[in-house]
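As structure tokens, the structure follows; a few thoughts come after it.
Any read-out appearing in this document is the output of simple, stated calculations on the displayed coordinates, not a laboratory observation. Predicted model, so just to flag it, every value in this text is computed and none were measured. All Cβ positions, glycine included, derive from the backbone under ideal geometry; neighbour counts span all protein chains shown.
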Amino acid sequence: MKLALPLGLLGWYYQNMSKSKLVNRNKGGRPPTGRDPVRAIRLSDGFLDKVDHWATQQEDQPGRSEAIRRLIEFGLVSWHKAAGRPSAKNAGKAKDLAAKTIDRLEDSGAPAEERASRKRRLLKGPEEFREIRVNWATKT
């Protein structure tokens, strides 16, 4: 025997029953601490030991992440300085060192005029490359 419910009762049930509430579940995990996204890299234990050793030598003894950031920043700054044009002082030192080395290695049996010509060619570089070198220096 089946019991039939009146149609009005079915409508009353859907109207008067409380609606289920959506629950915003916490996803868990540590909350973000910085505004930059996390980057992951693989580093060997030996490399991390060197980073940790460097960090302990610093006055404020930064954590591993901060130590890695500082070391990378130092490397980028020094690379940027090295990539620039050499200073006039350093260029002069290099030219003097090259001249001394050429004097030491020169053929003492050749006439003085020939030795001077050879030295000049070595210091200035081949004519084919002089223009390239000048153009490269002006682009940086």
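Worth a mention:
- Note on ASP45 and ASP60: their simple-model spin labels are 3.1 nm apart, each label 7 Å out from Cα toward Cβ.
- Using R0 = 35 Å, the C-beta based FRET efficiency linking LEU76 and LYS100 works out to 0.50.
- One decimal place: the segment GLU114-ALA88 gains 6.5 nm when fully extended, by the rule 0.36 nm per residue minus the C-alpha distance.
- Candidate cross-link partners of LYS124 among the aspartates and glutamates, defined by an alpha-carbon separation under 18 Å and a same-chain spacing of 8 or more, comprise ASP96, ASP103, GLU106, GLU113, GLU114.
- Burial ranking of peptide ranges 99-108, 40-49 (average Cβ count within 10 Å, highest at the top): 99-108, 40-49
- With 0.36 nm allotted per residue and the present C-alpha distance subtracted, the LYS124-ASP36 stretch has 26.7 nm of extension available.
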